[in-house]
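The structure under discussion appears below in the form of structure tokens.
The values are calculated or read from the model by the stated rules, or taken from the named source; none is laboratory data. Note that this is a predicted model, so its numbers are computed, not measured. Heads up, the Cβs are rebuilt from the backbone with ideal geometry, glycines too, and the neighbour counts pull from every protein chain shown. Calculation scope for accessible area: heavy atoms of the full protein, side chains included, ligands and nucleic acids excluded. Shrake-Rupley method; radii C 1.70, N 1.55, O 1.52, S 1.80 Å.
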Amino acid sequence: IYVVFFYFISSEERHLRANDREYNLSFMYANNAIKTSKYNVFTFLPLNLFEQFQRLANAYFVFLLILQLIPQISSLSWFTTVVPLLLVLSITLAKDLSDDITRHKNDKHVNNRKVEVLINGELKSEKWMNVQVGDIVKLENNEFVTADLLLLSSSEPLNLIYIETAELDGTLIKYTISILYISGEVRCEPPNNRLDKFTGTLTVRGETFALDNERILLRGCTLRNTEWCFGLVVFGGPDTKLMQNSGKSIFKRTSIDHLMNFLVMFIFGFLAFLCTILSIGNGIWEYKEGNSFITFLPRADGANASLSAFLTFWSYVIILNTVVPISLYVSVEILRLGNSYFIDWDCKMYHVKSNTPAQARTTTLNEELGQIKYIFSDKTGTLTQNIMTFNRCSINGKSYGEVVDFAGQRVEVTEKTEKIDFSWNSLADPKFCFHDHKLVEAVKSGSPEVRAFFRLLALCHTVMAEEKTEGELFYQAQSPDEGALVTAARNFGFVFRSRTPETISLVEMGVPTTYELLAVLDFNNVRKRMSVIVRNPEGKLTLYCKGADTIIFERLHPLSSKLMEVTTEHLNEYAGEGLRTLALAYKDLDEDKFEEWKERHHEASTSLEDREAKLDAIYEEIEKDLLLLGASAVEDKLQDGVPQTIEQLAKADIKIWVLTGDKQETAENIGYSCNMLREEMKEIFIVASNTAEEVREELPPIEKSRFLGKKSQVVEDEKVNGEYGLVINGHSLAFALQKDMQLELLRTACMCQAVICCRVTPLQKAQVVELVKKHKKAVTLAIGDGANDVSMIKTAHIGVGISGQEGMQAVLSSDFSFAQFRYLQRLLLVHGRWSYLRMCKFLRYFFYKNFTFTFVHFWYAFFCGFSAQTVYDEWFITLYNLIYAALPVIGLSLFDQDVNDRWSFQYPQLYAPGQLNQYFSKMAFARILLHSCYSSLILFFVPWAAMCDTVRDDGKDIADYQSFALLAQTCLLIVVSVQLGLDTYYWTAVSQFFLWGSLSVYFAVTFTMYSNGMYLIFTSSFPFIGTARNSLNQPNIWLTIFLTTILCILPVVAKRFLFIQLKPTINDKVRHKARQAKAVPPPAPRKVPRRRISTRRSGYAFSHARGYGDLVTSGRFLRIPVKTRSALFPHTDTPVADSTPQTYRTIYEGLQMCLD
Amino acid sequence: MGKKQAGTGPLSRRPDNSAFKQQRLPAWSPSLTAQTVLPTFYILSLVCLFLGIWLFITVENTYELKVDYTNAGTCERCFDLRKHVIASKTACTCTVSFQVPKLFQGDVFFYYGLRNFHQNLRRYMDSRDDAQMVGRKNNLKAPSSYCAPFDFDANKVPIAPCGAVANSVFNDSLTVVYNPADGSEIQVPLYRKGIAWYTDKNVKFRNPPTNDTFTLQQAFEGTTRPLYWQRPVYELDDTNSNNNGFINDDLIVWMREAAFPNFKKLYGVLNRAQGPFTEGLPPGNYTLSINYNFPVEPFRGRKELVISMVTWFGGQNYFLPIAYLVTSGLILVAAVVLTMVYVKVGKNGKNMEE
């Protein structure tokens, strides 16, 4: 027992030696080859068929086939089932085959990637699939991580490693080990799928180090901005955490799918019900009539009425099986695929700049796009471009940055507006653009205030600069706002060039100047300002301060009061435009006073108790009696068309919730600038508290009593007077998402027009989506661009990824992807709406045509002694769903449009029926059932009455079974074709071709199958010889067809006409308008750029956390050269990873472990 | 990413700007407006009215006479006799007299009608072998299993034609005698040929190959007649040797199974070559004499003789004309209602505003 136990332990734990292949191979660990393909050449057919027959529908048809092979039961020839089944199987087979070939190719591609492996002290290039556990691999910049690696060392001095994670998750590793020489042994946990956990030990020369998740680099990440690094392969191929996590992707199904499954179940029940009625009928008939008919038709041995009834049940199961048509599933798949292609092909969703077309990555969710009720959007990269631009400024009471034409009218800035030429400034950033010439002139003319303004911007910040080549400056800013301000100063001639802990070097209008940096009074959330104290080359001491206007204004010298008024006006204007504003001020300092202050500052900064508070007090002391310089306004650039899109979606009654990792002020500001939050709103609830109790109190109390009494888990929409907004932060959300409060949160949130959740973690994003999904029974869509959005994209019914940017994580886990947020409106209002409309039309029509088809058999049963005789020719039964009625309905449901895309945009209200499930529901299904019932009654009894006692015009037979079958099937096909025509809104050449083509094919096939030749060759298969010729030349046949068509169709026309007149739907109304306007909607009124004046200011546009101040002034920071990112990665990093869920790359600070 | 990029130019991945891909195919979008719907209704109502009247007049001038002879006249005896299977081989003849009220002008068709005979039962309909009846030599002696139990007789000799359908062929022979007022008796002459579909007679049913030396009887050697038949298949018609075997007209007519349990099948067409029948069937008294063989008692059915005129519209069927007239009325009512609704509600377009 002991031995076994020991063995068990050792097999659980992974044991490997670095660089010792022989030793590691003895454990038979999986190498780094991966296999995602499902089949190989030999297993494909059996395995795939096995899988296919596990599907209910296919299994059902095999069951039918077996029934048909029993002669006593078989009421239809075997081919009626086999032909469709084979077709369905082969289509699926072909699709699976092509999918698997793609996977094989991908596997091959991945397995054959090259990586450098250290073998016998030499670096050799190896294929990925040949990499073994225990190998040491060298990764270079921008390379994919080969396997799960234990990080050994990197090229970066402080082991700052930049990593871009793939779709794993947001949590990241923080440390790497630097080992100069490795010959260690690793013991660690067995392969598992936990991304956030790793335990193991590393033993080097008798010393043991604990290893945790923070030292592991996972396969699926990409190395960025790091020249090289070495890693020890711990898990390879299928053992990697990436592979262990894959294969569990959630299979999303649409609500129509669920409804369809329910209906199919219902139909099975209904089928059983019909068959039971018919078999009882057969029992009675056999008992009363059949007994007397045995002279002519003896029964089989031992058969009696009850056995006959039993067999008839199954016979009718076969005949009536067309109510659950196998082609339904295939057709639905084809439809969705077709509509997905239309999305892929849409020029209007193609982004020229990034050369990115829209992509439907999941082809099974289209119609759900037409039913979206809630959109959850990320902010950065989705709504905004994550680019800050210096847009406006007010200097000494004069506002700059607005473009006016000759008449003094304000002009909207577009891409074409003339930009200022900064070529006079060799250090200018070429990407910076500004449109107001007056400001340049002011700088050039040497206005002291303007110069002071830019000098302040160039000095008062914590940006770090790097100059790789002469004159090529790169700024690394803690927040993009700061970067924008410093860049603005740079372009206007006040170039921040470099800094040391004690100095800041500028180039002021071409003159290099060095300032002595005496103190940085850093930013924090309470102070909402930052200051620097510098000594200029002339020795003058100055304090420069920038911060939130309210804060600055409180600290101004009375001299500035007049300027303050003017500036306030400007600030209101900027805020009205949704810009982020800062007020700038300065103050000259006395040498003596400063010395004294500095001492006390030193005291405070070294004190052990209440250092923060003491420092704040000290800062407060010196930041007063400031002289106002002006204000700057920075625009957090929205993606193109975001406010319009949001407005459109809001009109379509889609609720948009913004879930962002950004801080509250930023999020709120974006809420305003993209028109979600509005000044007119009655109230904007802000929930930002730290305890559950406070959160409960802050949640607006609206009719709580009624709510508590309700047991229902579905939260209904409630009407509220006026518009409300809700802003809630991550801390509060954590409490609000708890069991006892989440419904309350949801109710409140749903009553608000706009909901913004800020500072939320990826997990919380998913929780919020889940909450709405679960309790609102509404269709949700999540849209985002980064790794932190992956969880919500996967959770929502539909996930949309913004593609065309560097990160692909969101796209990889999304169902649809495109380059710009604004394409969302086209995806939903045009493609989604059409898809939903088409799918519902398809289903309605499909069920109608099959029920009608089938019910005729039911009525005929009463005339043929319930003997399971079919009404139609068997070939017609086989081909009806396959050929005659297949293409027209597919044509209808691929091409139909109620109104074209322009009208869809003009009237976003057209979207509402989808949200309310109006086009296809259980109710609609019941109506179809009744309609089919009516049609089948007409389709059976009119031909019956017309034919039962008549003859041909030459006195010969026409009331025979074959002629009647032909008449009934022709009537049916014509009626369903006309019905299809009635349902078609949009007659393209293709749909015409399909419809007329199918009808002609029907007649052609019929005449062919009933021809002499076919009969003489396949005598027993085509017994209907001559029927078509002999009956279709009879006037009474055509008169009957005409009458059945009129009787089936006109009531429908009359009903629809009545409804259009009395209760027109929004669809009818828009179609009416479209008809009157001759197809082109009136051009939307051009929106004049709004000029709002707002007293609401965006917060101080800095970062969430404390600034870089400590780093900037600490010696530690400047001992190493600052690694800056290349221009390829414009995102900004912060040193504290978990405070910024928004960015997905992190600098890893290394832990130096020099062994040897 | 599975998809490959075709090129690397700036617009390389731009989708085609074709009308099809952009869903901008030129299209016609009809809709249900008053201008289209109301006229359609009125016109259709008129069309139906016209068709109804036309058909009604046509059918009014088509005469049909049904003579139920199941147990009428002297047939009561035969009816009782046929109740017993033992007496099935005993011949029985009887007569029924009837009156034709007015002249059946033109071609007159004589049908035998059966009621409550389910030719449309699935097992009954399947019980036949088309391959045998198309004269295939191989199939002649190897009848399809569908014919069971009428495929082989008790001695395992194959039955030709096999199956329940052929076995139950209608085997009464009917003779109609005209009794003019002068007391004479003139047999109504009937064409008993050309009563089946051309395609059936020439394609669907064929005899096994014969020639001058190889007679039909020889061709059918090794088969036996169906159980209920009194004559073998090659001796069905004494008068015309070309009407024997599978191509016997009566057999072909019977083999075309009726769709419904009440049906009539063509028996003969009046030969208008001579005598009082050149105009058609004159009014007066007639006697139907029957060779009563077909038992209907077992299935509680009725047998009848149907004498009918035929027009372009077929026989006398009042359903379509009346249905058209009723439909016409319904459409008119609907049209009026729709017009009223339109004038009152729809016309001003108030409902169409949002």
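First check a/c for chain A, with a ≥ b ≥ c the square roots of the eigenvalues of its C-alpha gyration tensor; if it is under 1.5, answer rounded, and if not, answer prolate when a/b is larger than b/c or oblate otherwise. In terms of gyration-tensor shape, prolate. The listed residues A:Val332, A:Val1005, A:Val526 rank as A:Val526, A:Val1005, A:Val332 when sorted by accessible area, largest first, using a 1.4 Å probe.
For chain A, give the share of DSSP beta bridges that are antiparallel, in percent and rounded to the nearest 5; count only bridges with both residues there. Write out the running numbers ahead of the final one.
Working: 98 of 131 bridges.
Around 75 percent of the beta bridges assigned by DSSP in chain A are antiparallel ones.
The charge dipole of segment A:547-666, taken about its Cα centre with unit charges on the Cβ atoms of Lys, Arg (+1), Asp and Glu (-1) only, comes to about 500 debye. Rounded to the nearest Hz, the phi-derived 3J(HN,Hα) couplings of segment B:95-111 under the Karplus curve 6.51 cos²θ - 1.76 cosθ + 1.60 (θ = phi - 60°) are 10, 9, 9, 8, 10, 9, x, 8, 5, 8, 7, x, 5, 10, 10, 10, 10, where x marks glycine and proline.
Expressed as a whole percentage, what fraction of the accessible surface of segment A:230-321 belongs to carbon and sulfur atoms when a 1.4 Å probe is rolled over the protein heavy atoms?
Heavy-atom surface of segment A:230-321 belonging to carbon and sulfur, 1.4 Å probe: 68 percent.
Taking K and R as +1 and D and E as -1, what net charge do the other residues with C-beta under 12 Å from the C-beta of A:Asp346 add up to? Net of charged neighbours comes to +2. Give, ordered by residue number, each residue of segment A:320-351 whose 1.4 Å probe accessible area is reduced by a minimum of 10 Å² on adding the remaining protein chains to the chain alone. Output list: A:Phe342, A:Asp344, A:Trp345, A:Asp346, A:Cys347, A:Lys348, A:Tyr350. Each residue of segment A:518-575 gets 105 Å³ once the volume of the Cα convex hull is shared out per residue. Cα axis of helix A:561-576 to longest principal axis of chain A: angle in degrees, 0 to 90, nearest 10? Tilt relative to chain A: about 20 degrees. Under 1.5 on a/c is rounded, so check that first for segment B:188-250, then, if it is not, pick prolate when a/b is larger than b/c and oblate when it is not; a ≥ b ≥ c are the square roots of the alpha carbon gyration tensor eigenvalues. The shape class here is prolate.
Each residue of segment A:259-270 is assigned a 3J(HN,Hα), and the resulting list reads 4, 5, 4, 4, 5, 4, 4, 4, 5, 4, x, 4 Hz, derived from the Karplus form 6.51 cos²θ - 1.76 cosθ + 1.60 (θ = phi - 60°), x at Gly and Pro.
Using a probe of 1.4 angstrom, how much of the accessible area of segment A:96-149 is carbon and sulfur, in percent? Numbers along the way, then the final one.
On the way: 1280 of 2670 Å².
On segment A:96-149, the fraction of accessible area on carbon and sulfur atoms equals 48 percent.
Label positions at A:Phe266 and A:Phe251, each projected 7 Å from the Cα along the C-beta direction, are separated by 2.4 nm. For segment A:832-872, a reduction of at least 40 Å² in accessible area between the chain on its own and the assembled protein chains (probe 1.4 Å) is found at A:Phe863, A:Ser867, A:Gln869. Less than 5 angstrom separates the built amide H of A:Asp785 from those of A:Ile802, all sequence-distant by 5 or more or on a different chain.
When the protein assembly as shown is described by a simple charge dipole with +1 on each Lys and Arg Cβ and -1 on each Asp and Glu Cβ, the residue from B:Asn71, A:Ser153, B:Trp254 located farthest towards its positive end is B:Asn71. For segment B:235-354, the relative contact order comes to 8 percent (Cα pairs under 8 Å, sequence separation of at least 6).
Annotation: amide H of B:Thr224 within the under-5 Å range of B:Ile159, B:Ala160, sequence separation 5 or more or interchain, hydrogens built in the peptide plane.
Sorting A:Arg205, A:Arg678 by solvent-accessible area of protein heavy atoms yields A:Arg205, A:Arg678, largest first, with a 1.4 Å probe. Farthest toward the positive end of the dipole of the protein assembly as shown, out of A:Met564, A:Ser292, A:Ala885, is the Cα of A:Ser292, where the dipole comes from beta carbon charges about the Cα centre.
With contacts taken as Cα pairs under 8 Å at a separation of at least 6 residues, chain A carries a relative contact order of 15 percent. Note on chain B: semi-axes of the ellipsoid equivalent to its C-alpha gyration tensor, largest first and rounded to whole Å, are 55, 37, 19.
Hand me the GluC sites (Glu not before Pro) from segment A:577-620 located in a DSSP loop with no more than 12 other Cβ atoms within 10 Å, in residue order please. Each step should come with its number before you reach the end.
Working: sites: A:Glu577, A:Glu591, A:Glu595, A:Glu596, A:Glu599, A:Glu603, A:Glu609, A:Glu612, A:Glu620; in loops: A:Glu577, A:Glu609.
Loop-located and lightly packed - A:Glu609.
Considering only A:Thr606, A:Ser426, A:Thr513, and ranking their Cα positions along the charge dipole of the protein assembly as shown that arises from unit charges at the beta-carbon of Lys, Arg, Asp and Glu, the one farthest toward the positive end is A:Ser426.
Each residue, B:Thr278 and A:Lys348, gets one label point 7 Å from its Cα in the Cβ direction; the gap between the two is 8.2 nm. Counting only heavy atoms of the protein chains and using a 1.4 Å probe, A:Phe53 has close to 70 Å² of accessible surface.
Normalised by the number of residues in chain B, the mean separation of alpha-carbon contacts (under 8 Å, six or more apart) gives a relative contact order of 33 percent.
If r is the Cβ-Cβ distance from B:Ile57 to A:Tyr934 and R0 is 22 Å, what FRET efficiency results, to the nearest 0.05?
Values: r = 31 Å, r/R0 = 1.41.
Between B:Ile57 and A:Tyr934 the formula returns 0.10.
Modelled this way, with points 7 Å down the Cα-to-C-beta line, the labels at A:Thr201 and A:Ser90 are 6.5 nm from one another.
Relative to the longest principal axis of the Cα atoms of chain A, the long axis of helix A:591-606 lies at roughly 50 degrees.
Taking 10 °C and 1.306 mPa s as conditions, segment A:737-829 diffuses translationally at an estimated 115 µm²/s according to Stokes-Einstein applied to its Kirkwood radius (Cα pairs). Solvent-accessible area lost on pairing B with A (1.4 Å probe, both sides summed) amounts to about 9300 Å². Across the protein chains, with a 1.4 Å probe defining accessible surface, the residues A:Thr417, A:Thr43 rank A:Thr43, A:Thr417 from largest area downward. Checking the cross-link pairs A:Lys124/A:Lys241; A:Lys841/A:Lys922; A:Lys114/A:Lys138; A:Lys655/A:Lys774; B:Lys264/B:Lys303 against a 18 Å limit on the alpha carbon distance flags A:Lys124/A:Lys241 as lying beyond it.
Under 5 Å between amide hydrogens, built in the peptide plane, is the criterion, and for A:Ile119 it picks out A:Lys124 among residues at least 5 positions away or on other chains.
In debye, nearest 20, what is the charge dipole magnitude of chain A about its Cα centre with +1 on Lys and Arg Cβ and -1 on Asp and Glu Cβ, if you could check?
Numbers: 120 positive and 125 negative charges, 685 e Å.
Its charge dipole is roughly 3300 debye.
Solvent-accessible surface of the protein assembly as shown, taken per residue with a 1.4 Å probe and all protein chains present: 42 Å². Working note: Karplus 6.51/-1.76/1.60 with θ = phi - 60° gives segment B:56-61 the couplings 5, 4, 4, 5, 4, 8 Hz, where Gly and Pro are set to x.
Send over the semi-axes of segment B:68-146's equivalent ellipsoid, whole angstrom and largest first, taken as the square roots of 5 times the C-alpha gyration tensor eigenvalues.
On the way: eigenvalues 237, 95, 35 Å².
For segment B:68-146, the semi-axes come out at 34, 22, 13 Å.
Helix-only estimate, please: 222 nm mean residue ellipticity of the protein assembly as shown, summing -39500 (n - 2.57) across DSSP H runs of length 4 or more and dividing by its residues, to the nearest 500.
Calculated mean residue ellipticity at 222 nm is -12000 deg cm²/dmol.
Measuring heavy-atom accessible area with a 1.4 angstrom probe and counting protein chains only, the residues of segment A:1013-1029 that give up at least 40 Å² relative to the chain alone are A:Tyr1015, A:Leu1016, A:Thr1019, A:Ile1025.
Relative to the first principal axis of the alpha-carbon coordinates of chain B, what is the inclination of helix B:319-341, with its axis defined by its Cα atoms, in degrees from 0 to 90 and to the nearest 10? Taking Cα atoms only, the helix is inclined about 20 degrees.
Rank-order B:295-307, A:23-35, A:89-101 by packing density, defined as the average count of other C-beta atoms within 10 Å over each peptide's residues, highest first. Don't skip to the end; give the middle numbers.
Numbers: B:295-307: 19.7, A:23-35: 16.9, A:89-101: 14.0.
The most tightly packed comes first, giving B:295-307, A:23-35, A:89-101.
With the convex hull constructed from alpha-carbon coordinates only, segment A:272-357 shows a mean projected area of 9.2 nm² over all directions. The mean number of Cβ atoms from other chains found within 10 Å of a Cβ in peptide A:1050-1057 is 6, as a whole number.
By definition, a body whose alpha carbon gyration tensor gives a ≥ b ≥ c is prolate when a/c is 1.5 or more and a/b is larger than b/c, and segment A:774-914 fits this prolate description.
Each other residue within a Cβ distance under 15 Å of A:Gln869 adds +1 if Lys or Arg and -1 if Asp or Glu, for a net charge of -4.
I need the calculated FRET efficiency for the pair B:Asp212 and B:Asp182, taking r as the beta carbon distance and R₀ as 60 Å, to the nearest 0.05. The partial results should precede the final answer.
Values: r = 49 Å, r/R0 = 0.82.
Efficiency at R0 = 60 Å is approximately 0.75.
How far, in nm, would the chain grow between A:Thr503 and A:Trp1038 when pulled straight, counting 0.36 nm per residue and subtracting the alpha carbon separation? Stretched fully, the A:Thr503-A:Trp1038 segment lengthens by 182.6 nm.
Placing a label point 7 Å from the Cα of B:Asn138 along the Cα-to-Cβ line, the residues of segment A:979-1016 whose backbone N sits under 16 Å from it are A:1016.
What is the sum of charges around B:Val310, taking Lys and Arg as +1, Asp and Glu as -1, for the other residues whose C-beta is under 11 Å from the C-beta of B:Val310? Kindly include the intermediate steps, with their values, before the conclusion.
On the way: positive: A:Arg952, A:Lys956; negative: A:Asp953, A:Asp954, B:Glu64, B:Asp107.
Every neighbour counted, the sum reads -2.
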